[in-house]
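Remarks on the structure that follows.
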Amino acid sequence: MKKYIYLGKDLQVESYLLRHGMVISEDDLTKLKKSNKKITILFYLTTDYPKIKAQLRDENSFYSRKIEKAFKEVLNAV
């Protein structure tokens, strides 16, 4: 079963309290998609995480900007 890591800031979505670095199952991600489709951008496969981890430390990197933009969109939709 695939596992996903949440890379946004702390956020309450329905009955889920998402915390930065939290790992969830594919089933949970599917449930979250039903409430907000844009939220999937904030999750990455745990197997892909080591590849982007170093880039996330730099606030100006592609992934950091992408996650920040997606977080704002999700926050506005919640």
Item to complete: Would you please name the trypsin sites (Lys or Arg not before Pro) within segment 1-76 that are DSSP coil residues with at most 15 other C-beta atoms within 10 Å of their C-beta?
Response: Lys2, Lys9, Arg19, Arg57
Worksheet item: In Å², what does the accessible area per residue of the chain work out to with a 1.4 Å probe?
Response: 67
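What shape does segment 25-65 take by its C-alpha gyration tensor, where a ≥ b ≥ c are the square roots of the eigenvalues and a/c under 1.5 counts as rounded, a/b above b/c as prolate, and the rest as oblate?
Details: a/c = 4.78, a/b = 1.80, b/c = 2.66.
Oblate.
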Item to complete: Leaving ligands, DNA and RNA out of it, report the carbon-plus-sulfur percent of the accessible area of the chain at a 1.4 Å probe.
Response: 50
Worksheet item: Percent of alpha carbon pairs in the chain separated by more than 22 Å?
Response: 17
Worksheet item: Excluding the sites themselves, what is the longest stretch of the chain that contains no GluC sites (Glu not before Pro) in a DSSP loop with at most 14 other C-beta atoms within 10 Å?
Response: 15-58
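The values are calculated or read from the model by the stated rules, or taken from the named source; none is laboratory data. The shown structure was predicted, so the numbers you read here are calculated from the model rather than taken from an experiment. For neighbour counting, all protein chains shown are included, and Cβ atoms are generated from backbone atoms with ideal geometry for every residue, glycine included. The protein model used for the area step is the full one, side chains on, heavy atoms only, and it has no ligands, DNA or RNA in it. Shrake-Rupley method; radii C 1.70, N 1.55, O 1.52, S 1.80 Å.
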